[in-house]
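To start, the structure under review is shown below, and the notes come after it.
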Amino acid sequence: MNKDNALEYITTNTIIGIKAGLERPGFLEIWMVVVHDRIFARSWGLAERSWYNSFLENPKGEIQCGEEIYSIKAVVPEDINHLTKDINSAYVKKYNTPHNIPYAAAISKQEHVEKTMEFIILD
């Protein structure tokens with residue numbers, strides 16, 4: 001299991017499993033993008049018990065890339081203002097099927113930009 005394999009999987013697959021915290025029984029399927037060899041996701045639902053808010057309480061978790069599971073630390077990127085345009089572009093480019101286009105555009109709106117999380121793969 002190495003970071004490059006995870007980056008490749010996330011780049012080429014539209015649905016990635018995530019587990020916020022280690023006590024959750026299963027993985028939630030979400031959209032993720034790779035920008036500058038870094039992994040990002042935005043919370044779609046803005047609920048209090050979202051994966052995003054769970055990571056704010058405890059940054060440890062896992063992502064599932066096919067059969068591989070990677071331990072991660074979730075952080076709010078300090079350089080988000082410099083990355084927002086590139087992350088927006090990555091979502092629109094990756095999620096470009098007719099069904100996904102409206103959602104990819106919507107996830108670039110400010111309310112979702114404010115819920116951007118970066119996932120750092122731990123060794």
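The values are calculated or read from the model by the stated rules, or taken from the named source; none is laboratory data. Nothing here was measured: the structure is a model prediction, and the numbers come from that model. Neighbour counts run over all protein chains shown; Cβ positions are idealised from the backbone, glycine included. To get the accessible areas, we keep the full protein, side chains included, count just its heavy atoms, and leave off ligands, DNA and RNA. Shrake-Rupley method; radii C 1.70, N 1.55, O 1.52, S 1.80 Å.
In table form, for the structure just shown:
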read-out: Residues located in the range 70-123, provided they are of a type in the set (Ser, Thr, Tyr) and out of contact with any Leu (no Cβ under 7 Å at 6 or more places or on another chain); value: Tyr70, Thr84, Ser89, Tyr91, Tyr95, Thr97, Tyr103, Ser108, Thr116
read-out: Those residues of the range 1-23 which are touching a residue at least 12 places away in the same chain (Cβ under 8 Å), open to solvent by 80 Å² or more (accessible area, probe 1.4 Å) and not polar (S, T, N, Q), in sequence order; value: Met1, Lys3, Leu22
read-out: Number of positions in the range 30-50 that are in contact (Cβ under 8 Å) with a residue 60 or more places away in the chain and within 11 Å of the chain's Cα centre (by Cα); value: 10
read-out: Selection count where residues are open to solvent by 40 Å² or more (accessible area, probe 1.4 Å) and under 15 Å from the mean Cα position of the chain (by Cα), scope the range 63-74; value: 4
read-out: Residue list for the range 87-110, restricted to those being touching a residue at least 40 places away in the same chain (Cβ under 8 Å) and open to solvent by 60 Å² or more (accessible area, probe 1.4 Å); value: Tyr103
